[in-house]
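To start, the structure itself, in structure tokens.
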Amino acid sequence: MSMPSAASPLSIVIDRDRPVPIAEQITINLREAIVEGRLEPGARLPSWLDMATQLGVARGTVRTAYERLIDESLVISSGAAGTRVAEKPITLPAAVHVDIPRPMQGIERGFYLKPLPFQMGVPAQDAFPAKLWSRMRTKAVRDDAMAPVGPPDPRGHPDLRAQIASYLAIARGIRCLPDQIILTSGYKNGLSLAILTLQAQGRTAWMEDPGFPMARRALELAGMSIAYVPVDAEGIQVARGVEIAPDAAIAVVTAGQQAPTGVALSPKRRRELLAWAVREDGWIIEDDYLSELQLSGRAAPAFAGTDPNGRVIHVGSFGKTLSPALGLGFVVAPLSLAERFGEVAAFLNPAPNSTTQLALAAFLAEGHYLRHLRHMKALYRERRDALNACLGMNFGVDAFAGLAVRVPLPDGSDDSAMAERALALGIAPAPLSRWRGGDGPATPGFLLGVTNLRPGYLEKACASLKQLLAEAN
Ligand SMILES: Cc1ncc(COP(=O)(O)O)c(C=O)c1O
């Protein structure tokens, strides 16, 4: 059979300069012709040899393209009768263009962007142990691929859960069994797993005010009502929470280092909160986002480590200590809930990233994680001190346990609008009002993340900030 002419429905265009393999280009051309109806059902395709001669490619290349279309049920091979277009090839509806707003508008300036100076929530990009991590990940990919086995444990790989249990005992004062640990994709996933496990949708959650805006939105999306409980120098004001919403299902707290103020929940408030949980059958969700990444002195033990009643659900993440790109975190379930958490993980929320889990297990087992944290503490201290020196004495105060500096703005300033303008100057301070949940005016201010303030970037970032502040005054 001869090749159809260029004017026929089968004019195949091959571009040898494109980085797309020739076989794939032939597949794409034929697929389009079939889906668009230029090649009708039952039409016979040229033999491999004819097509190969016509296009000046190897016979095997055409064969690969045809086999792909057979796999997609677009053509059928009938032995000596040749290859024909299937009787009822799948046709796709015409593509429509609809603008779907991306999530986190007004909170994140975009995804996969290089962090700007002062941006919060991202660890130092230049200090991630990239070579070491990629070596460990490569080994994990190989180990995982060479040992294909049955279904993985939905709670996460046992090696990683054992490593996390040892880490928590050493660094956070938590004694738990590996079977109390459930791997997640990060803090938000841990929060959603806890809400699902407790069947708390439709009920009330205590939320610190000011508090983490992502947690606020997460609780709203989970269908929970939020009771905003003010924070003072001792952390969340438990007595206020009891007044506003005594029968709340959960209290979400950043006990170790309150976000954003940085205060630790005092021992007295911890006792009051536990007493509330025992009395009202409530649960405390501890967001331990910084783990032991506390810049001044040793981090206070985690709340879950000092909970004799088993009411604290500890939620950890490797997002701030290592990298959000890892997409790994964990929950430590109280003993009484461990089985239920495992069931919910198995059926609704299995642990992600098996290969990354293996790599992380080795990273912890070989002592790299604790070493990395020690290194990060020193680096962030240096960067915070350099920022304070650059801004001038008594200008800002530490927030986020020293990972950010809080700068007050004049009363009546619109910190959100100023943060928008800051982007044009190449800096990304976070407006303090974003952390405010309840009613009433928010105190305007900026939070300046210190983690990515590399030497060489600091002076320019400070100059831009000062320019912005001068314009506001
Ligand atoms: C208060 C707080 N909780 C939790 C997280 C961690 O979230 P993820 O695990 O999604 O990185 C962050 C990160 O910015 C945070 O600021």
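The values are calculated or read from the model by the stated rules, or taken from the named source; none is laboratory data. Since we're looking at a predicted model, the values are computed, not measured. Reconstructed Cβ throughout: ideal geometry from the backbone, glycine too, with neighbour counts over all protein chains shown. Keep in mind that these areas ignore ligands, DNA and RNA; they rest on the heavy atoms of the full protein, side chains included. Shrake-Rupley method; radii C 1.70, N 1.55, O 1.52, S 1.80 Å.
Taking amide hydrogens as placed 1.01 Å from N in the peptide plane, the amide H of Ser185 sits under 5 Å from those of Gly190, Gly329, each at least 5 positions away in sequence or on another chain. Relative intensity of the chain on a log10 scale, I(q)/I(0) at q = 0.07, 0.13 Å⁻¹, equals -0.51, -1.13, per a Debye sum over C-alpha point scatterers of equal strength in the absence of solvent. Our analysis of the range 22-85 gives Rg over Rh at 0.92, with the two radii drawn from alpha carbon positions and Rh computed by the Kirkwood formula.
Write down the accessible area per residue of the range 123-188 in Å², having rolled a 1.4 Å probe over the full set of protein chains.
For the range 123-188, the per-residue accessible area is 55 Å².
The HN-Hα couplings worked out from phi for the range 297-309 by the Karplus form 6.51 cos²θ - 1.76 cosθ + 1.60 (θ = phi - 60°) are x, 7, 5, 5, x, 5, 4, 4, x, 10, 10, x, 9 Hz, whole numbers, x standing for Gly and Pro. Computed over the alpha-carbon pairs of the range 126-369, the distance histogram in 10 Å steps reads 8, 33, 36, 18, 5, 1 percent, short to long. For the range 69-128, GluC sites (Glu not before Pro) meeting the loop criterion (DSSP other than H, G, I, E, B) and having at most 11 other Cβ atoms within 10 Å: Glu87.
Measuring nothing but how far apart in sequence close Cα pairs (under 8 Å, 6+ apart) lie, relative to its length, the chain scores a relative contact order of 17 percent. The share of accessible area on the range 298-355 that comes from carbon and sulfur is 54 percent, using a 1.4 angstrom probe. Across the range 158-229, Cα-Cα pairs more than 14 Å apart make up 66 percent of the total. Under 5 Å between amide hydrogens, built in the peptide plane, is the criterion, and for Ser317 it picks out Phe330 among residues at least 5 positions away or on other chains. FRET efficiency for the Glu343 to Lys131 pair, using the beta carbon distance and R₀ = 51 Å, is estimated at 0.80.
Ordering Asp71, Asp209 by accessible surface, largest first, gives Asp71, Asp209; the 1.4 Å probe counts only protein heavy atoms, with every chain in place.
Net charge near Arg279: determine it from the other residues with C-beta under 11 Å of the C-beta of Arg279, scoring Lys and Arg +1 and Asp and Glu -1.
The answer is -3.
Expressed as a whole percent, the proportion of Cα-Cα pairs in the range 67-177 lying more than 16 Å apart is 82%. The accessible surface of the range 222-269, taken with every protein chain in place and a 1.4 Å probe, is 58 percent carbon and sulfur. Here the range 324-455 is described by how far its Cα atoms reach on the three principal axes: 52, 39, 29 Å, from widest to narrowest.
Summing +1 for each Lys or Arg and -1 for each Asp or Glu among the other residues whose beta-carbon sits under 14 angstrom from that of Glu220 gives +4. Going by accessible surface with a 1.4 Å probe and the largest first, Met146, Met136 read Met146, Met136.
Accessible surface comparison of Asp307, Asp385, probe 1.4 Å, protein chains only, largest first: the order is Asp385, Asp307.
Count the lysine pairs in the chain that are 8 or more places apart or on different chains: how many have C-alpha atoms under 21 angstrom apart?
Close lysine pairs found across the chain: 8.
3J(HN,Hα) along the range 416-433: 5, 5, 5, 5, 4, 5, 4, 4, 5, 8, x, 10, 10, x, 9, x, 4, 4 Hz, from the Karplus curve 6.51 cos²θ - 1.76 cosθ + 1.60 with θ = phi - 60°, whole Hz, x for Gly and Pro.
Remark: the range 215-301 is approximated by an ellipsoid whose semi-axes, taken from the C-alpha gyration tensor as √(5λ), come to 22, 16, 11 Å, largest first.
Working note: Karplus 6.51/-1.76/1.60 with θ = phi - 60° gives the range 169-183 the couplings 5, 6, 9, 10, x, 9, 9, 8, 8, x, 6, 8, 9, 10, 6 Hz, where Gly and Pro are set to x.
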